[in-house]
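Structure first, commentary second.
The values are calculated or read from the model by the stated rules, or taken from the named source; none is laboratory data. All of these numbers come straight from a predicted model, not from anything done at the bench. Note that each Cβ is placed from the backbone with ideal geometry, even for glycine, and that neighbours are counted across all protein chains shown. These area figures cover heavy atoms from the full protein model, side chains too; ligands, DNA and RNA do not enter into them. Shrake-Rupley method; radii C 1.70, N 1.55, O 1.52, S 1.80 Å.
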Amino acid sequence: MISALREIFAFGKHKVDLPLLFALFFLFGFGVIVMFSASVIPAEREFADPNYYLKKQLVWGGIGIFLFLVFARVPYTLLVKLSFPFCLLSVLLLISVFIPGVGKSVSTTYGRNFNRWILIGGFQVQPSEFSKISLLLFLSLFFQTLDPKKIKWDRKNIVSVLTILIILMLIIAEPAFGTTVEILVVIFFFVLMVGFPVKKILILGLSILPLLLVLVTQVGYRKKRLEIWLDPYKYRFDEGHQLVTSFRAFFDGGNFGRPIGSGYSHRYLAYSHTDFVLASFVEDFGFFGFIIFFITILFFLYRIYLLILKVKDKLGFFLGTGILLLLSIQIIINLYVVTGLAPVTGISLPFLSYGGSSLITIFILMGILANITKKENLVL
């Protein structure tokens, strides 16, 4: 038994890492169940079809699995070479969210319009999700050849930096603050990895703190979100209702949860099947259900980490590290938001949240990772 387990978990025994594949598809299957439970009442209320969100999520999942298989076969070196055209396409898509008739604008109670989606064939697509892929490919190429001691501000480097800044500014303009944070964290770690002096990085970070403070405290909807985060119960009958209901779901779930789909959050929690799906999940499955999910996520991320450490190629190492960082930060931000440890921002929980763009992006990233960590690319 032990020898069989060692055989399964040993690195390089199969062309693609089996434990990673098992964790990936277990999380997807489990996520569909959790999302369905959280979406039944909203789907019945909005579309008179309790299976509405389930059917769409399964369609997105099918597309995602197909793209996973495709990208697992396409050499990641080829994708990186095409990263600049991919970035140009991302810029066009990010601009299109502001074009009337193409982009979809959603007004909020904060008095701010969000422009995050475009309509394609009856489906809503979120370009900022797909831009993470093109930008990650481009950042990996840019940083793995960068020598901090010999930086030349030639045409190539200037165009590269401008491309990165343009995509970031377009994402900020939507606004998609959570996605912006994900990308900035990846850039920060890449800067550390290439050997930039930590002292200079800290000085740069401190110099932009006043700007960040202004962006958070003086921009209307962000200021309001900060106030709600600091005292959600003061706003429990309007903008703070979402966070207060999330707290109640965690409390009502107890150790072992309530009858599935019967909790308070399923009826009254906004975005119970998207950004706040974790609250509905804990209400259904309780603290012990959350622990099982959390352990599975940790195993999934730790397996990725161990595989990346064995990657031979520097480019593959950077790209794999970027994928790990994107997934980890997205999970951390969502956990912090739903539990009230950070102000509310629109960011999904990988695998559990409803949403085609996010799910397909994850499957594409995992396909690229599967290609990076193939047996022949590892040091065994």
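Structural remarks
- In segment 9-18, the condition of being under 20 Å from GLY367 (Cβ atoms), modelled with pLDDT under 95 and either assigned to a helix (DSSP H, G or I) or among the hydroxyl-bearing types (Ser, Thr, Tyr) (or both) is met by at least one residue.
- Across segment 14-55, the number of residues qualifying as of a type in the set (Phe, Trp, Tyr) and crowded, with 16+ Cβ neighbours inside 10 Å comes to 5.
- Filter result for LEU335 (surrounded by fewer than 20 Cβ atoms within 10 Å (Cβ to Cβ) and modelled with pLDDT under 90): no
- For segment 312-358, the set of residues classified as in a helix (DSSP H, G or I) and among the small types (Gly, Ala, Ser) consists of GLY316, GLY320, GLY322, SER328, GLY356, SER357, SER358, listed by residue number.
- Hey, SER140 free of Cβ contacts under 8 Å to residues at least 60 places away in the same chain and open to solvent by less than 10 Å² (accessible area, probe 1.4 Å) or not: no
- Those residues of segment 56-83 which are in a helix (DSSP H, G or I), β-branched (Val, Ile, Thr) and surrounded by fewer than 19 Cβ atoms within 10 Å (Cβ to Cβ), in sequence order: VAL59, ILE63, ILE65, VAL70, THR77
- Residue in segment 88-95 that is buried (at least 18 other Cβ atoms within 10 Å of the Cβ) and either among the polar types (S, T, N, Q) or more than 28 Å from ILE172 (Cα to Cα) (or both) present: yes
- Search result, residues across segment 206-227 that are over 20 Å from THR345 (Cβ atoms) and modelled with pLDDT of 70 or more: LEU206
- Any hit, segment 228-236, residues being part of a helix (DSSP H, G or I), modelled with pLDDT of 85 or more, among the hydroxyl-bearing types (Ser, Thr, Tyr) and at negative phi: yes
- The residue pairs whose first member lies in segment 176-199 and is more than 14 Å from LYS149 (Cα to Cα), whose second member is in a loop (DSSP other than H, G, I, E, B), and whose beta carbons are closer than 6 Å, counting only pairs six or more residues apart or on different chains, are PHE177/THR345; GLY178/THR345; GLY178/ILE347.
- Single match in PHE30, PHE26, PHE66, PHE98 (criterion: farther than 27 Å from PHE114 by Cα and either in contact with a strand residue (DSSP E or B) (Cβ under 6 Å, 6 or more places away or on another chain) or modelled with pLDDT of 95 or more (or both)): PHE66
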